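Read through the structure below, which is laid out as C-alpha cells, and then see the notes.
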Amino acid sequence: MKNCKLALFASGNGSNAEAIIKYFLADKHVEVAAVYTNNKNAFVLQRAHRYGLAATVFTKEEFHAPAFTRQLQQQGFDMLVLAGFMWLVPPALVAAFPDKIINIHPALLPAYGGKGMYGHFVHEAVIRNKEKKSGITIHYVNEQYDRGDILFQAECPVLPDDTPDTLARRIHHLEHHHYPRVIAGLCRKI
Ligand code: GRF
C-alpha cells in the first residue's frame, strides 16, 4: 500500500507539478493523489486531467475557511507540495500540517525571496544585480513568504548573456530534477 499521499498546489503552468506526477507514477510508496489550484485557468488543470488526477479549484475565502483545512486532513494527505503556488498559506493550515508543507523557490534563499519575488521578477533581479550564480531552494512553509527552514538547495551559473527566460529555463531544469527526489527522501521518513 502507498504510504505517502501527496497533494500538489499550483497556480499556473504546473511544469513542476507534472515532473512530480511523472516521477511517482509507478512508485510503490508515494502517491500523488490530488491537484489543487486557486486559478481556474491554470494549465496545471489540463496536466492533472491528462493523468486522471482529481483537481480542485478554490477561492481565497475557501482557502481560509476551517473547512478547507479539515477536508485536507480528512483526505489523509501526508504532505502538501507547493509548486508554483502563489498564495500565502493561512496560519491555521500551516499549524494543521506541521513540517508537512513544502515549497520550491527559483533562487538561493534567503536572497531573492519574499512578497513579490516570484517567477520572472526573481530572475530579472538576479541578472540586474550581476549575480554569478543562482539556483533553487526547497523549504518548509511557514506563515511568511519564503521564510521556512531550508531543506535543499542546488546552484547553477548565471551566464553573462542570460536573459530572464534563459535563466528560468536552467532553473526549471534543476527544479524538475531535484524536487521529486527531495520529496521522495521526505516520504521515506514518514
Ligand atoms: C517555479 O520556478 C517555482 O520555483 C516557482 O514558480 C515556478 C513554477 O513553475 N515557485 P511551474 O508552474 O512549475 O512551471
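Here's a check for you: in segment 148-172, which residue that is farther than 17 Å from Tyr118 by Cα and out of contact with any Leu (no Cβ under 9 Å at 6 or more places or on another chain) is surrounded by the fewest Cβ atoms within 10 Å (Cβ to Cβ)? In this case the residue turns out to be Asp161. Condition test on Asn16, is it in contact with a His (Cβ under 8 Å, 6 or more places away or on another chain), modelled with pLDDT of 95 or more and within 16 Å of the ligand (Cβ to nearest atom)? Considered against the rule, which asks whether it is in contact with a His (Cβ under 8 Å, 6 or more places away or on another chain), modelled with pLDDT of 95 or more and within 16 Å of the ligand (Cβ to nearest atom), Asn16 comes out as yes.
Listed here are the residues, each with its yes/no results for (1) more than 27 Å from Gly113 (Cβ to Cβ); (2) at pLDDT below 95; (3) hydrophobic (A, V, I, L, M, F, W, C).
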| site | (1), (2), (3) |
| --- | --- |
| Arg50 | yes, no, no |
| Ala67 | yes, no, yes |
| Gln74 | yes, no, no |
| Phe77 | no, no, yes |
| Val81 | no, no, yes |
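Can you say whether Thr137 is hydroxyl-bearing (Ser, Thr, Tyr), at pLDDT 95 or above and either surrounded by fewer than 15 Cβ atoms within 10 Å (Cβ to Cβ) or in contact with a Lys or Arg (Cβ under 7 Å, 6 or more places away or on another chain) (or both), as far as the supplied structure shows? In short, no. Filtering Ile127, Ile101 for residues that are modelled with pLDDT of 95 or more and under 14 Å from the mean Cα position of the chain (by Cα) leaves a single hit, Ile101. Within segment 41-98, the set of residues being more than 18 Å from the chain's Cα centre (by Cα), hydrophobic (A, V, I, L, M, F, W, C) and closer than 17 Å to Ala10 by Cα comprises Phe68 only.
The values are calculated or read from the model by the stated rules, or taken from the named source; none is laboratory data. Just so you know, these numbers come straight off a predicted model, no measurement behind them. When we count neighbours, we look across all protein chains shown, and the Cβ atoms used for this are built from the backbone with ideal geometry, even at glycine.
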